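To start, I am sharing the structure in question, which I have written as structure tokens.
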Amino acid sequence: MKELTLETLIAVFEEIFGRGLFWTMVVAALIVTAAYVYVLIRDRSMSMRKFLMAQLSMPFGAVAAVLFVQAMTHSHLRDIGGPIDVIVLLGVAVMGAIGAAILVYTAQSLFRLRKA
Amino acid sequence: MSLTGLAASRRAFLGLGAAGLAAASLGLPVRADAIATKARIVIIGAGAAGTALVNRLVQRLDGAQITIVDARAEHLYQPGLSLVAAGLKPASYTVSQTTDWLPSGITLVAEYAAAIDPVAKTVATSGGKSLPYDFLIVAPGLVLDHDAIPGFSLDMVGQNGIGALYAGPAYAAKTWDAARKFTEEGGVGLFTRPATEMKCAGAPLKHTFLIDDIASRGGAAGKYEIHYAAPQPALFSVPIVAEKVRMLFGERGFTTHMQHKLLSIEPGQKRATFEKTEIDATTKAKVKSTVELAYDYLHVIPPQRAPEVIRQSGLSWADKWTDQGWVEVDQKTLRHLRYPEIFALGDVAGVPKGKTAASVKWMVPVVEDHLIAAIQGREGTETYDGYTSCPLITRVGRAMLVEFDYNNNLVPSFPGMIAPLEELWISWLMKEVALKATYNAMLRGKA
């Protein structure tokens, strides 16, 4: 490809996950991010207790993200063939971990507000 | 700000996260102002090459009369056929409508080109139309000469252990029916390659590797053999890749039969007949003999030639590929050597490499440049170096991203990152998920 455009990149992701699932995930990620920003502004501080819980969820998010990508691409851990593969795998895991942490933190904040 | 200068091109396959997104939004292409012209441009073929070119031309030209001639209603994403024939994608994965991809403001003649008169500059169609042109782009693809193999016919595909994935989406799916039986029951798997030039020279190897990988983890584990028979003396046209494939074949216990050309098959007895060529040790003369090989699963790839209309029109090479009829073009500009207003693109072009969609992606901007330069009365500057890319699948989940040019040099897109001769997961990801999206972007003239 001679030019890298946002349109092409979106097309690649639509192809990976299917159009419906990709946009569902985009919307879900936007909602969670917006909710996270909302609770940060509302509470005006990070709760370290909630953050601890969020950190504990990170390994689960990492593993889930890796399994999800592998299921989507007919792949397994045995297919890791070189350093770049490990880097891609770790990248997926890191994104899964961060996503899970934000999700758990936000969920706790929203949930406890209703209880309180 | 453009990313083009950074050779970011093929990196877009990766699309890694937010940094990529941010960079991409800055890298939107900038188009030059459209050039006013009344030129009549006829394009034969609405496959990957014809479609990609027409979408670029409508952005570059204003007022040109562009006609594209193709009777086939379905557009085929041919790089997906290997995946269909290994049960990894459905046949529908490779099929869309020709008209889905064509821009407005052009004329589609849904007929076949029946004759080309390069002196009078007209194309006659199967429906009796005569299309005069100022510039002609010949991109009809190639024909699979199944009749050249006595004993074989397409209605056999999918039964009695016969596969032929090149023949199209439905046949690729039927190929998997036959191959799946082999991966469950075992026996002798015999994989062939034609003596002619062919589409994607990696595909015969991919099919062999994939079916072996699936069989090794299926019911056939431990009770099957893989045999690979090819008329050529090497497993791949690029020597360094051929050596790597030879090592992989060795590791996986494949038996190779080099210089074996498939002549005919006897489907009832499950036997295939090959012409074997040997060099006599003392006289150095070629000695031909006939060899029979038994199979439980046979993958047939027939000889491939330029369509009859090309071979009858006097556009073919007179002294090269005389049994195949590829168009006589300059290998750097793809311009016809005797008729400068004619260009050839894709499979039909008579150049040493480049019968792949990846080659088309590199060929189309070259023809676009020279065509527009000709309209403006100047000389174009872009050249095609024979770039061909082959994500050579070696297992479900692994591939080698092999890229090379006319000189058999490896031209890796990601030197130091993605080693071309290593079996990598990331190369598989590119083939399985990123390739179709970039192909579609290419069809729209955006890549």
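The values are calculated or read from the model by the stated rules, or taken from the named source; none is laboratory data. Small disclaimer: the values here were computed from a predicted structure and weren't measured. Note that we place each Cβ from the backbone using ideal geometry, even for glycine, and neighbour counts take in every protein chain shown.
Look through A:Ala28, A:Ala34, A:Ala100, A:Ala71 and report the one residue that is surrounded by 18 or more Cβ atoms within 10 Å (Cβ to Cβ), aliphatic (A, V, I, L, M) and without any contact (Cβ under 8 Å) to a residue 60 or more places away in the chain.
From the options A:Ala28, A:Ala34, A:Ala100, A:Ala71, the qualifying one is A:Ala100.
Quickly run through the stretch B:44-102 and pick out the residues that are free of Cβ contacts under 8 Å to residues at least 40 places away in the same chain and basic (Lys, Arg).
B:Arg72, B:Lys89
Do we find that B:Ala201 is surrounded by fewer than 19 Cβ atoms within 10 Å (Cβ to Cβ), under 13 Å from B:Leu392 (Cα atoms) and either out of contact with any helix residue (DSSP H, G or I) (no Cβ under 9 Å at 6 or more places or on another chain) or modelled with pLDDT under 95 (or both) in this structure?
When the stated conditions are applied, B:Ala201 does not pass them.
Here's a follow-up. From B:Val123, B:Val157, B:Val119, B:Val138, grab the single residue that is in the same structural domain as B:Thr67 (by TED's automatic domain parsing), of a type in the set (Val, Ile, Thr) and either touching a Lys or Arg at 6+ places or on another chain (Cβ under 6 Å) or without any contact (Cβ under 8 Å) to a residue 12 or more places away in the chain (or both).
Result of the check over B:Val123, B:Val157, B:Val119, B:Val138: B:Val119.
Let me ask something else. Which of the residues that make up the stretch B:137-175 are among the β-branched types (Val, Ile, Thr) and more than 21 Å from B:Val84 (Cβ to Cβ)?
B:Ile137, B:Val138, B:Ile149, listed by residue number.
So B:Ile375 ticks every box in (1) at pLDDT 95 or above; (2) touching an Asp or Glu at 6+ places or on another chain (Cβ under 7 Å) but one. Which box is left unticked?
Only one criterion is unmet by B:Ile375, namely (2).
Output the residue which, of all residues in the stretch A:44-95 that are among the hydroxyl-bearing types (Ser, Thr, Tyr) and under 20 Å from the mean Cα position of the chain (by Cα), is farthest from the other protein chains (Cβ to nearest Cβ).
A:Ser57
Could you check the stretch B:26-101 for strands (runs of 3 or more DSSP E) lying wholly inside it with 2 or more residues that are over 22 Å from B:Val366 (Cβ atoms) and not assigned by TED's automatic domain parsing to the domain that holds B:Tyr166?
Counting at least 2 such residues, we get B:74-76, B:95-97.
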